[in-house]
1. Being in contact with a strand residue (DSSP E or B) (Cβ under 7 Å, 6 or more places away or on another chain), modelled with pLDDT under 95 and either surrounded by 13 or more Cβ atoms within 10 Å (Cβ to Cβ) or not assigned by TED's automatic domain parsing to the domain that holds G261 (or both) narrows it down to one of D495, D488, D430, so name that one.
2. Quick check on S5: is it modelled with pLDDT under 50, over 37 Å from the mean Cα position of the chain (by Cα), among the hydroxyl-bearing types (S, T, Y) and loosely packed, with under 12 Cβ neighbours inside 10 Å?
3. Testing D454 on (1) at pLDDT 95 or above; (2) acidic (D, E); (3) touching a helix residue (DSSP H, G or I) at 6+ places or on another chain (Cβ under 8 Å), one condition comes back false. Which one is that?
4. Spot the failing condition for P500; the list is (1) at pLDDT below 95; (2) farther than 29 Å from L285 by Cβ; (3) surrounded by 13 or more Cβ atoms within 10 Å (Cβ to Cβ); (4) within 27 Å of the chain's Cα centre (by Cα), and only one is missed.
5. Quick one: in the stretch 271-324, of everything that is among the charged types (D, E, K, R) and closer than 25 Å to K396 by Cβ, which residue is surrounded by the most Cβ atoms within 10 Å (Cβ to Cβ)?
6. Here's a check for you: in the stretch 222-273, which residue that is in contact with a Phe, Trp or Tyr (Cβ under 7 Å, 6 or more places away or on another chain) and of a type in the set (G, A, S) is nearest to D485 (Cα to Cα)?
7. For residues in the stretch 450-473 being among the aliphatic types (A, V, I, L, M) and within 25 Å of V192 (Cα to Cα), which is nearest to the chain's Cα centre (by Cα)?
8. Return a yes/no flag: does the stretch 365-382 have any residue that is among the polar types (S, T, N, Q), crowded, with 19+ Cβ neighbours inside 10 Å and farther than 22 Å from E490 by Cβ.
Amino acid sequence: MPLRSAAVVLLLCVQHVHGSALPALSPYEFTAYRMQQYNLGLKKCGCRGAIVVAEARSAEEPLLTRRCVVMKVQDFTTEKYKEAQRQKAAAVLILLPQNISNIPYDKLQSFMVGESEALHKESLIPVYVAPEDEQLLYMYEEVKQAAAARTLSIFVRVLRSMVTATAFQMLVSNSAPVKAVTDTTIVTLEGVLPGAGEDAPTIVITAHYDSYGLAPWLSYGADSNGSGVTILLELARVFQNLYSSSSTRPPYNLMFSLTGGGKYNFLGTKRWIEENLDHAESSLLHENVAFVLCLDTLSNGDELFVHVSRPPKPDIPLHSFIQQLEQVVHSRYPWVKVGLVHKKINLVESTVAWEHERYSLRRILGFTLSHLEDPKSELRGSILDTTSQVDFRKLKRNGLIVAEALARYMYNLSDKGSPKDVQVFKGHLDFQDSRMSSLMSVLTSVPRATQLLDKEPSQILLINSLEHEFRRYLQQVHRHTFRQDKRDPEVTFFDQMNQPIVMYRVKPAAFDLFLGGCITAYLGIVYYAIQNFAYLYTHLKAAAKFKQK
């Protein structure tokens with residue numbers, strides 16, 4: 001009887017194992033995008049690693065050592081990221097939703113804060129971002145349930161781990177070492193609308209067009225700085241209509257520039273200024289520059305901040321223009337707040353906060369207009385900065401504010417009436433909603449990370465399209481291509497920014513031990529039965545006779 005009971009128990013265990021075992025799946029391959037890795041001068045930023053061979057675990061697990069921590073955007077926080085680093089996790093995989101509009105605003109803010117902190121520090125842990133799909137979401141729910149099981153008793157947890165648990169193994173099959181890329185080129189576009197008269201002063205309007213975020217291949221930069229580029233291109237169109245007639249041409253040159261490398265210490269702006277001041281004798285920057293207007297992150301909020309390196313004196317053009325800007329806002333958009341933010345340039349620091357600081361270092365007065373007060377805001381570089389976060393009404397409003405302020409300054413319209421009574425940009429001169437939407441769609445159709453702009457066909461086509469827009473409305477259009485010194489580059493990027501990852505569905509090692517134990521017990525019972533067959537036969541025969549009586 002004991003032998004029969006043991007056999008029945010063993011059979012039930014094996015059936016339970018067979019019934020709980022999930023059907024085998026073929027390996028699932030998906031593309032994940034590695035976190036930024038670059039050196040800006042001597043400062044190293046981003047993750048150094050790329051190879052992953054580890055089991056997937058939820059961030060809720062107490063033990064993350066040598067595991068691939070899987071998180072959704074909603075889960076990712078600075079604290080969880082630091083905990084994964086502290087425990088020396090093998091990797092971090094972040095699942096990016098197809099539509100971020102459904103994520104609560106506080107969760108978006110929390111992710112962007114953690115993203116910004118992670119980007120500005122060096123990490124040895126590989127960090128990947130992958131767009132969500134059905135298979136990845138299923139894996140996420142599985143590891144999430146496994147993490148929830150830790151609240152059960154120790155015996156139940158061990159039994160579940162040995163019998164029913166399913167693990168997911170993550171493998172980056174590319175084992176090639178990460179290599180430095182020092183041959184990156186940066187393109188800056190320049191165009192002019194010549195003013196009336198000789199020796200006319202010049203107003204420079206500029207914006208950087210590249211984007212920045214946790215992963216270069218997922219950085220679309222709608223607000224930062226697709227908004228600045230969109231407004232600049234629309235300013236070029238409407239002012240071209242005014243400059244096309246000698247009767248409406250103002251006595252100012254308007255010089256437009258779109259610069260690359262803005263997310264990396266405004267290297268494109270720096271090289272363009274050097275090219276104009278140190279090498280080009282006929283450049284308008286050599287002559288009478290009234291001021292430089294830099295457009296940066298302008299598609300949200302009801303605040304406009306004027307960032308300056310030093311407070312403008314009352315008798316200079318910059319001060320007069322800021323006054324016109326304030327008048328336009330107070331007269332037509334009284335709910336919008338205008339603030340002046342003064343930040344001195346620290347010559348000890350190797351980086352600058354805003355684009356106008358590059359001009360200030362060469363003694364050219366300028367300012368940056370933005371809806372952000374803090375230059376270190378996480379909104380200036382995030383993979384969540386997509387068109388779904390853009391308010392096109394506010395984008396158009398901010399563009400009209402800049403246009404009306406420029407017109408009032410250049411045509412001296414203060415004596416003609418208030419900005420509410422005298423509106424230049426209406427009718428055929430109004431900002432076109434469809435055009436602004438189309439421009440933003442084109443700009444965000446491909447990621448504009450600096451690493452990709454000179455190497456990928458779609459990104460090269462985008463730069464060519466921007467140049468086409470310049471040639472359509474502006475004169476004296478030039479394309480400046482700046483190459484870095486390979487021996488001493490100002491910024492060094494690294495390759496392997498997108499990697500194929502293979503996900504295997506496996507049973508944990510404890511399951512193999514348990515199954516091996518079941519097989520050993522089964523063979524032991526069979527061996528015992530064979531060795532004691534005569535004894536078992538006698539007992540079974542006696543039992544049969546007893547039942548017959």
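The values are calculated or read from the model by the stated rules, or taken from the named source; none is laboratory data. Worth saying up front: this structure is predicted, and the values here are computed from it rather than measured. In this analysis, Cβ positions are derived from the backbone assuming ideal geometry, glycine residues included, and neighbour counts consider all displayed protein chains.
1. Answer to the check: D495.
2. Spelling it out, S5 is indeed modelled with pLDDT under 50, over 37 Å from the mean Cα position of the chain (by Cα), among the hydroxyl-bearing types (S, T, Y) and loosely packed, with under 12 Cβ neighbours inside 10 Å.
3. (1)
4. Single failed check for P500: (3).
5. Top of the filtered list is D296.
6. Among them, the one singled out is G268.
7. Here the answer is L453.
8. yes
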